[in-house]
Structure formats: structure tokens, C-alpha cells
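Heads up: the structure comes next, in C-alpha cells.
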Protein chains: 2
Amino acid sequence: MKKQYKISIIGAGNVATHLARTVLQQPQIELLQMYNRNVQKLNEFLSATEIIDDLSLLKPVDVLIIAIADDAIHSFSKKIPTIDFLIVHTSGSVSINDLQVDRKGVFYPFQSFSKAKKQIDFTDIPILIEAENQNDIELLSNLASILSKNVQYADSKQRQALHIGGVFVANFTNHLYLQAENILKDNNLSFDLLKPLIQEVAQKILTLSSKQAQTGPAIRGDKRIIDKHLKMLNAHQKEIYELLTKSIQQTKINTEK
Amino acid sequence: MKKQYKISIIGAGNVATHLARTVLQQPQIELLQMYNRNVQKLNEFLSATEIIDDLSLLKPVDVLIIAIADDAIHSFSKKIPTIDFLIVHTSGSVSINDLQVDRKGVFYPFQSFSKAKKQIDFTDIPILIEAENQNDIELLSNLASILSKNVQYADSKQRQALHIGGVFVANFTNHLYLQAENILKDNNLSFDLLKPLIQEVAQKILTLSSKQAQTGPAIRGDKRIIDKHLKMLNAHQKEIYELLTKSIQQTKINTEK
């Protein structure tokens, strides 16, 4: 199949790596170059694409994807030689306007990427795109649709809202796992005991709303159990338990109004 | 196959219903009777077992399972006619000593049961058991092992710790889903966008520790992004965001010490 799109990727972090791996499997996309200051971090791609550490060597592509740390995007984009192809970043919480280039856009794959994972299937990962004109929106939409069946336009504020949502359901949820692990460890119980419940909670939200799925002493208003629980917790765990219990009960009151 | 164990179940709530359904599928267990004050709530079991609303009709069994509301267990157990078979409750946060009977125990299936679910597979659900002598522990262990491949002994304090862990990973996590849903809704985004990430977070914890799996602005110490996020949140969301961010960062400091 003829390659329909040429792209290059800047960066060697989680997003850059996983994007490059998935792009290399698409017959419609050619990964022309990858750039990183430290080229050794791109060793796994040596035989698959051209690796460069000099921005003046960048060749023309349809889309140049900058997948680097959020706070480096602004200053890095100034260093790119004047070129007329579309340049996008991959960040949830950085405005499109942080890119100091002529043709700009955003290509935000909404997933938690960790290096530990060898291969990520992008098919179900939402990709949020943004650009300044209809042509570029279509270009990004077509490119993203090769990787994912869930491509949506989102402006910078919506993309940030989604990023915050991700912080709540991923970062904060994972931290609650850690809190629970500590409570179990203090009582000589294995974290493995919680794994079936964790799976069930994640499964349930696919078919029930979070309101329908809510169970436990807080939503039941079971003050006796809540007090028992608080007595077993240290000050730090207690603070989290009390705030989230209050928040669940507040939600209930608002719903019943 | 000959029935090895006779049991009866008290109650018509989620736990009683799901326990009865799964027990009825086991050739080794006979469900002799089910009791509820309101027998109509047990209609689905009419053809499968004897339904009673009078405790004096209780027949001898190996184990009588009381699956009723936590705060009703103590007073209900006093009403049971003096009998010499093992009586257990199914609660995470109620002590074995709340049962005012001679032979007592606990049979705690650790899962979040909701009525919406038709059938629950108990095979992977941990069942925590407790009793006062070795014979009763063995009886409960054998009975539980027919339903689940994960049966463990836990004293009342351990069982409560597990229940608290469940509150963190299930009730609180589900409430974070609700918070995220509200943030997305305020920005005209569908909660569906979060579902792949939610699945990924739950999957990840099967192979990575919560510490290894932690990502996001809090653990990176990305103050710029955190401040951006806080600006988009209302007072209530902000309180949760700030406390959990602080808690993630505190954990990091403790780990690095």
C-alpha cells in the first residue's frame, strides 16, 4: 500500500515511543525521522527510521509531532527552522498557542502511557485534535483515524478538562489503590485481595452511571461503620476518608433536591 | 452428586440474593430455607427452596448465613431460637461477637454486589472466614471453597481493614469517576472518553505496584500544570484535587527518604 502520510516525531519519552511503535505498524503512514538531543534513547528505532539530533536536518513532512515535556514545548518550538508543514504537540494541558510556529495543531492521545508496557493498542484510545483551519483539522483527523476509531475535535479548554478528568480517574484512583495497599499491609493482608474488586468497579462503569454504581457506607449514610473505619486510620488516611465521604454525601443531597 | 452441606440464608438484599443464586448452582450444597420478614422479596427463589417468614420454622442445617444490614445483625441474632448449628454473618465491619449465639462465625464475600447484576461469578471473589474453633473454621473453609478458589481466614480487625481498603478502591474510586464526569459535562465532553483510561488503570494494577503505576502532574511535581488545573475547578473539586495531589507528593517524599 502506498504511504499516504509522512510524519516525523520529536522526543524519546513514553508518548513519542508508543506513537512511533504504532505508526511503524501502519502501512499508510511513513515515519520519516525521529529527533532527540540524546539519540541513544532512540536506539530501538535505528533500523526503522532516520534518527537525528540536529533540527536543521528536518525534512519536509505532512505533520511534525512534538512529543516532549509540557513545559519544554514553548521554547522548543521556537528552535524549529521556519518550515511550512503542520507542527503539533501531544499534550493535554498545553494551549495550541504555546507552539511558536506558523501552522500549528494538537494531537492528544488520551491514555496513560508507561514505559513498562511493550505495545499499546491505539484502536480504542481517544485522540483529541485541534488546529487553526479546516484543512489542517481534516489532515489531523485523517491521520488520527488511521490509529484510532475514536477521534474528536476539542479546543484547548476542553482538552484541559479531559486531562483533569484523567487525573481524577487515573492518577488519583491509583493513589487510592496505594492507600488501600498500606492499610492492608498494616494488617498483614495482601493487596491481591483487592484486585477482583478493582476490576469489578472498572467493569461496572462501562454499563452503569457512576451515580447508579455508588455503594458503601458513605452513600448509605452508615455513620456507625464510618466511625469504626475512622478509628482504624492514621491522620493522613483519615483526612482522605473524611473528605471523600463528605463529598459522596454532598452529591447525594444535591441529587435528591 | 450427594449434597455435602445444608445451609439456609436469612435476608433478601444484594448479598443474600447473589449468595443464594450461586449456591443453587452447586451440586454439593443444598439451600434448605430462605427467611425474610417480607417473603415477596424472595419470589425468585419460590420454586428453588422453602421461603419462610417465621424464625420458629428454621430447620437444622450445617450453616445458617445471616446476610442482613450491618446494624441489624446484633439484635436479629438474639431472636434466633436456641439451636446448635453454626450461625455466621456476611459483613466486613461487624465483629464476630455481635452475633448473640452459641456457635458463631463470619462468611464475608469481598465484592461490591449490586442488584443491577444478574449473575456474579464467585470463583475469583475472596471469601474471608472467621470462627471460634478449628472444627467450625474447617466447616466454613470447605463450604467457601466450593464457591471460590480464594478463601482466607481473617480476624475481625483484618476483615475490617479489608473493608476499609474496599471503600478506598471501590466507593471512593467510583466517586472520583463522578467528579470527572461532572468536569467533562461542564465542558460538553462525554464521560465515554474516560472509559478506556479507566480500564487501563485497573488492568495496570494487576501487574505493576501502585507506586510503579503512578503517573501525572502530582508525582512529577509539575506545579505549572497543577496550578492550571486548579484554576478550572470549583471549590469542591479543588479541595479533592489539592488533598490528593498533596498526598501523592507526600508519598513520594516518604519513598525517597
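Laid out as a table, the results:
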| item | result |
| --- | --- |
| Pair list, Cβ < 6 Å and 6+ apart or interchain, from the range A:145-160 residues that are modelled with pLDDT of 95 or more to residues that are open to solvent by 60 Å² or more (accessible area, probe 1.4 Å) and part of a helix (DSSP H, G or I) | A:V151/A:S145 |
| Test set (1) in contact with a strand residue (DSSP E or B) (Cβ under 6 Å, 6 or more places away or on another chain); (2) part of a helix (DSSP H, G or I); (3) more than 17 Å from B:L140 (Cα to Cα) - B:M34 fails condition number | (2) |
| In the range A:221-245, the residues that are open to solvent by 50 Å² or more (accessible area, probe 1.4 Å) and either in a loop (DSSP other than H, G, I, E, B) or facing chain B (nearest Cβ under 9 Å) (or both) | A:R224, A:K228, A:M232, A:N234, A:H236, A:E239 |
| Failed criterion for B:L189 (all others in (1) at the interface with another protein chain (Cβ under 7 Å from one of its Cβ atoms); (2) part of a loop (DSSP other than H, G, I, E, B); (3) surrounded by fewer than 21 Cβ atoms within 10 Å (Cβ to Cβ) hold) | (3) |
| Pick from the range A:55-108, criterion open to solvent by less than 10 Å² (accessible area, probe 1.4 Å) and not hydrophobic (A, V, I, L, M, F, W, C), ranking: farthest from the chain's Cα centre (by Cα) | A:S77 |
| Residue list for the range A:125-161, restricted to those being in contact with a Phe, Trp or Tyr (Cβ under 6 Å, 6 or more places away or on another chain) and facing another protein chain (nearest Cβ under 7 Å) | A:P126 |
| Residue among B:A48, B:A20 that is farther than 28 Å from A:K223 by Cα, in contact (Cβ under 8 Å) with a residue 12 or more places away in the chain and either under 23 Å from the mean Cα position of the chain (by Cα) or part of a helix (DSSP H, G or I) (or both) | B:A20 |
| Some residue of the range B:125-148 being open to solvent by 50 Å² or more (accessible area, probe 1.4 Å) and in contact with a Pro (Cβ under 7 Å, 6 or more places away or on another chain) | no |
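The values are calculated or read from the model by the stated rules, or taken from the named source; none is laboratory data. Keep in mind the model is a prediction, meaning the values are calculated, not measured. A quick note on method: Cβ atoms are made from the backbone with ideal geometry, for glycine too, and the neighbour counts reach across all protein chains shown. Protein only, heavy atoms only, side chains kept; ligands, DNA and RNA dropped before computing areas. Shrake-Rupley method; radii C 1.70, N 1.55, O 1.52, S 1.80 Å.
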